[in-house]
1. Quick check on my filter: what residues within segment 23-41 are within 16 Å of residue 9 (Cβ to Cβ) and free of Cβ contacts under 8 Å to residues at least 24 places away in the same chain?
2. Name every residue in segment 48-58 that is surrounded by 14 or more Cβ atoms within 10 Å (Cβ to Cβ) and in a strand (DSSP E or B), in order of residue number.
3. Would you check which residues across segment 24-47 are part of a loop (DSSP other than H, G, I, E, B), more than 15 Å from residue 5 (Cβ to Cβ) and modelled with pLDDT of 85 or more and list them?
4. I'm trying to understand the selection: among the residues of segment 12-29, which are touching a strand residue (DSSP E or B) at 6+ places or on another chain (Cβ under 7 Å) and exposed (fewer than 13 other Cβ atoms within 10 Å of the Cβ)?
5. Kindly indicate whether any position in segment 59-74 is touching a residue at least 60 places away in the same chain (Cβ under 8 Å), surrounded by 14 or more Cβ atoms within 10 Å (Cβ to Cβ) and part of a strand (DSSP E or B).
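The values are calculated or read from the model by the stated rules, or taken from the named source; none is laboratory data. This one's a predicted model, so the numbers in the text were calculated from it and none came from an experiment. All Cβ positions, even for glycine, are placed from backbone atoms using ideal geometry, and neighbour counts span all protein chains on display.
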């Protein structure tokens, strides 16, 4: 059972808002998750990406793998 750091979609139709969550890799995209570690709002200018650095680093140390999109957002923030 692998754990991933990924985006869960919320918000209205055509106005997505994402939560950055730690979830089992077999769980559905918007299904169950272990913990919320941040948010991502692509409609703000510039796009707003906020995470709890301590929680992210703790999950990465435990072996959680970020998805490609989360990895690129973290790199942009300097994580």
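1. 23, 27, 28, 29, 30, 31, 32, 36, 38, 39
2. If the condition is that a residue be surrounded by 14 or more Cβ atoms within 10 Å (Cβ to Cβ) and in a strand (DSSP E or B), then 49, 51 are the ones that fit.
3. Result: 42, 43, 44, 45, 46, 47.
4. 25, 29
5. Keep residues of segment 59-74 that are touching a residue at least 60 places away in the same chain (Cβ under 8 Å), which gives 63-67, 69-70.
With surrounded by 14 or more Cβ atoms within 10 Å (Cβ to Cβ) added as a condition, the list becomes 64-67, 70.
Checking the rest, the ones that are also part of a strand (DSSP E or B) come to 65-66.
The answer is yes; a qualifying residue exists.
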